[in-house]
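Here the structure comes first, spelled out in structure tokens, and everything after it is commentary.
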Amino acid sequence: MEALQDSGTWEQILRVVSLSDYNTRVVILGTTALGIACGLIGSFMLLRKRSLMADAVSHATLPGIAVAFMVMVAWGGSGKWLPGLLAGAALSGLLGMGLVLVIGKYTRIKEDAALGIVLSVFFGLGVSLLGLIQKMREGSAAGLESFIYGKTASMLTSDALLIGAVAALSIGVVVLLFKEFCLLCFDQDFAAAQGFPVGKLDVLLMTLVVLVTVIGLQAVGLILVIALLIIPPAAARFWTEKLLPLAVIAAAFGGLGGALGAALSAVVPKLPAGAVIVLTNSLFFVLSLIFGSARGVLVRFRQQYQLSRKVGRQHLMRALFECTEDEHREVVSFAELLACRSWTSSRLRSLLGRASRDGLIEGSADGVRLTSAGEEQASRIVRNHRLWELYLINYADIAPSHVDRDADRVEHVLDPATIRRLEELLKEEQKAAPKLSSPHPIERSASS
Amino acid sequence: MTWTSLDTWIVITGILSALACAIPGCFLVLRKMSMMGDAISHAVLPGLALAFLFTHSRDSLSMFIGAAAVGVLTALFIDWVNRLGRVEESAAMGVVFTTLFALGLILIVRGADHVDLDPGCVLYGAVELVPLDTVSVAGWPVPRAVLKLSVMLLLNIGFVCALYKELLISTFDPALSDTQGIPSKWMNFLLMGMVATTAVAAFESVGSILVIAMMIVPAATAQLTTDRLSGMLWISGAVAVASAVFGHLAAITLPPLVGFEDTNTAGMMAVVAGLFFTVAVLFAPRKGILSRLLYQLELTLKVLQEDLLGMLYRLEETPTDSPEFHTEQTIEEALLVNPFQRFLTTYGLKKKGLLKYSDSGWYLTDEGRERARKLVKTHRLWEVYLHTHLDTPHVHSTAHRLEHSIDESQLHQMDQELDYPDIDPHGTPIPRE
């Protein structure tokens, strides 16, 4: 980071951030637009489980570029006319994508292998053709290799405009056909049954993928454009369970990653912009993986922790209740509780501590007993457990000796509405036993 | 074209790396993990770069260790992202390998002062330069890459031979493999290790694109032609060798046709492998598209021929005053077929001696009448069966479909079960000997 120690560094950062430098402005705006378009289109690919299609498509563009170059040279052109090269790339990208789908559909080869076959064979062909071009007299094919690694920093105004146009086009199409694409992602058969032209929509979506891939080729290169299509949507997935927010967040991540990455590479020397953009997106991905509000690791761990705490508390309450149920005493000793379930003494101690902090139990000289609040909660828990046991015995035909463990797993997730329905279903049994005693002997009372 | 010892070494390098890749490739394809080969061979870039940066040399061993370590790590990372983040597996692959590739690019550019490493040679290799870097083996100059790839190939063959049963079971039925005490998860990591080391050993000489091509394409080609793992391994090996040989031939013979000297050998090897795959897709016995079409055509013809026999028999059954002539046109109209299909039908029957042609039209031979009688009997028995046992109201069209697919003994059994009926539900007599 020796560059940062220069006296002019801050000035340079300022210039980059304020977009006052023309070149930097073009690059940053171009990569931002590219990131937005890729993130948006990539969202649909992610949901269709076709993320790696981008991989095959981007590799498959290479022979198209080479052939377009040769054709243009044969017609007497310079061979480096960008729209021509990109058209060639788009055509062979589409062809590659079509072949993947055809191989997957008409042979026993699975889609993953079809992707690999198309990408390697097309790329091999492209490399061979580039090998030829290098030996052409009009050669100077060095420019073509930039499609493999990209040349973000030397982006021209016309390139940025092209990217902007394609980005605008894809945003427009997605906005117009959002409902249709949504159906296509989630329930293709339903969409077809409703009369939507599923095949055409699919082709349209694939064409958009090819388009953004092709404009990305030139900006960040053949391999890194895959990242722009896959990483932002995968990161956005951690924040939401809905398609619209997913698409918006993915586009935002893509755009932000593009802008930040390009800015960073403009400030720090010797940082290839394409790679920095990808790594910025990867950073977003890792942060989302950890902190994501819908599926992030932390959120999930918290939910699991809370659930296990709730289950532990309910088990404790039920054990306390059942120990004292038919005997005229209130105090249960620690040893007695320990024998109730397969919990360790440290686990039991922490459960007891938490319950007493919550005011559900209170300690006494030779053990613990339920407070009145605890008594109420415990009787409700036990009631749920036994309702469920009765249900399993009466309706699921499970032997009374086996219901305890099954009910044990379900009782914690019974919501009030389900309990009401259970009560209605089991009215008869309840009349017979107003207090709802356990349908089976409680084993531990025999052992203790 | 002039073939020199250089070409021989290039082809040998190609064969060795193609074979070494095809072996783990078969398992990747069968496990639907083909893209893992792609991911790993792209993701080794930072491993290479780090090895360079630390050792400041292009020493093979450190490079190999660095890349192989990152290759195995790639598989681990993908597994983590997949399970911890619940990201769908293909997306997880995409996230991990592009990130590592980007990291590798940055390392290379940042460290460009210290190391001379061209990301291009990672992608498409430099098999043409292989023969120039030789070591002496028993007095013979042998390219270093050939030596390295031979070791890799032997290792792979040894690995598969030693763990064949375990690989087989964990590939086709991971759950069964777990219950049999073969942890499928560890088999998977072993396999990933094999993929990573093979990719690293091979791509230095032939480039990662050929690595991916040789891992996936020969295996997929073999999968189209066989249903057995051992067969698949042998066939994919053969395809790999053929792709390497013909690929290099194509690279040095085709370009001169259009006025160039030669082109990238690794690329052409991938293209030739692709051609083999295309041939397999079209012509593979039983599974190829053309074979399946041919089979369908045969079936269609068989049905058409049997329908024609049945029709002629039924016409003979109804007594008419004047004998009926079955011209081409009446046949086409009755069977709803075009002249070409009609030609195939009558020609086939004539060749089998079941049908004859006279000036007045087509007629059944004695042999043909016998066949037709059996068909009609089958048809009517089916009608009786459907009517009495399944209570189907419209028996004709169903019987029409079923009559083509039943053999002699089943027919006899059905006859017996129906207690040798005399007439079908329509009241037409069932023909008997």
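Summary table below
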read-out	value
Boolean, B:Ile40 is closer than 15 Å to B:Ile209 by Cα, away from chain A (no Cβ under 11 Å) and touching a residue at least 24 places away in the same chain (Cβ under 8 Å)	yes
Options A:Ala365, A:Ala335: the member that is closer than 18 Å to A:Leu316 by Cβ, surrounded by fewer than 16 Cβ atoms within 10 Å (Cβ to Cβ) and either at pLDDT 80 or above or among the hydrophobic types (A, V, I, L, M, F, W, C) (or both)	A:Ala335
Residue satisfying all of: in the range B:236-273; in contact (Cβ under 8 Å) with a residue 40 or more places away in the chain and surrounded by fewer than 24 Cβ atoms within 10 Å (Cβ to Cβ); farthest from B:Phe203 (Cα to Cα) among these	B:Pro256
Breaking point among (1) closer than 28 Å to B:Val70 by Cα; (2) more than 13 Å from every other protein chain (Cβ to nearest Cβ); (3) over 16 Å from the mean Cα position of the chain (by Cα), for B:Val195	(2)
Residues that are touching an Asp or Glu at 6+ places or on another chain (Cβ under 9 Å) and surrounded by fewer than 20 Cβ atoms within 10 Å (Cβ to Cβ), drawn from the range B:347-359	B:Lys352, B:Gly353
Residue in the range A:305-323 that is away from chain B (no Cβ under 12 Å), surrounded by fewer than 24 Cβ atoms within 10 Å (Cβ to Cβ) and under 22 Å from the mean Cα position of the chain (by Cα) present	yes
Any hit, the range A:175-188, residues being among the β-branched types (Val, Ile, Thr), assigned by TED's automatic domain parsing to the domain that holds A:Leu228 and modelled with pLDDT of 90 or more	yes
Top-ranked residue of the range A:104-137 - restricted to ones that are surrounded by fewer than 24 Cβ atoms within 10 Å (Cβ to Cβ), outside any helix (DSSP H, G or I) and at the interface with chain B (Cβ under 7 Å from one of its Cβ atoms), ranked as modelled with the lowest pLDDT	A:Lys135
So A:Val26, is it in contact (Cβ under 8 Å) with a residue 24 or more places away in the chain and part of a helix (DSSP H, G or I)	yes
Hey, A:Ser51 buried (at least 24 other Cβ atoms within 10 Å of the Cβ), at pLDDT below 90, within 12 Å of chain B (Cβ to nearest Cβ) and under 28 Å from A:Pro233 (Cα atoms) or not	yes
Cross-chain or 6+ apart pairs with Cβ under 7 Å, the range B:190-215 first and within 18 Å of B:Val151 (Cα to Cα), then among the polar types (S, T, N, Q) and surrounded by fewer than 24 Cβ atoms within 10 Å (Cβ to Cβ)	B:Met194/B:Asn156; B:Thr198/B:Asn156
Qualifying helices (runs of 4 or more DSSP H) (wholly inside the range A:159-263; at least 1 residues being within 14 Å of chain B (Cβ to nearest Cβ), in contact (Cβ under 8 Å) with a residue 24 or more places away in the chain and buried (at least 24 other Cβ atoms within 10 Å of the Cβ))	A:198-220, A:224-236
Among the candidates A:Leu34, A:Leu62, A:Leu40, residue that is in a helix (DSSP H, G or I), within 21 Å of A:Leu260 (Cα to Cα) and over 18 Å from the mean Cα position of the chain (by Cα)	A:Leu34
Any chance B:Leu375 is farther than 24 Å from B:Glu328 by Cβ, hydrophobic (A, V, I, L, M, F, W, C) and in contact with a helix residue (DSSP H, G or I) (Cβ under 9 Å, 6 or more places away or on another chain)	no
Residue match in the range B:382-392 (condition: surrounded by 14 or more Cβ atoms within 10 Å (Cβ to Cβ), farther than 21 Å from B:Glu332 by Cβ, touching a strand residue (DSSP E or B) at 6+ places or on another chain (Cβ under 9 Å) and outside the structural domain of B:Lys302 (by TED's automatic domain parsing))	yes
Residue that is farthest from the other protein chains (Cβ to nearest Cβ), among those in the range A:268-303 that are modelled with pLDDT under 90 and in a helix (DSSP H, G or I)	A:Ala273
Meets criteria (at pLDDT 80 or above, part of a helix (DSSP H, G or I) and surrounded by fewer than 17 Cβ atoms within 10 Å (Cβ to Cβ)) for A:Ala378	no
Positions within the range B:48-69 being free of Cβ contacts under 8 Å to residues at least 40 places away in the same chain and either basic (Lys, Arg) or part of a helix (DSSP H, G or I) (or both), in sequence order	B:Ala51, B:Phe54, B:Thr55, B:Leu61, B:Ser62, B:Ile65, B:Gly66, B:Ala69
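Yes or no, residue by residue, for (1) under 23 Å from A:Val220 (Cα atoms); (2) within 9 Å of chain A (Cβ to nearest Cβ); (3) touching a helix residue (DSSP H, G or I) at 6+ places or on another chain (Cβ under 9 Å); (4) modelled with pLDDT under 90:
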site: B:Ser62; (1), (2), (3), (4): no, no, yes, yes
site: B:Ala67; (1), (2), (3), (4): no, no, yes, yes
site: B:Val70; (1), (2), (3), (4): no, no, yes, yes
site: B:Trp80; (1), (2), (3), (4): no, no, yes, no
site: B:Thr99; (1), (2), (3), (4): yes, yes, yes, no
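The values are calculated or read from the model by the stated rules, or taken from the named source; none is laboratory data. These numbers were taken from a predicted model, which means no experiment stands behind them. Reconstructed Cβ throughout: ideal geometry from the backbone, glycine too, with neighbour counts over all protein chains shown.
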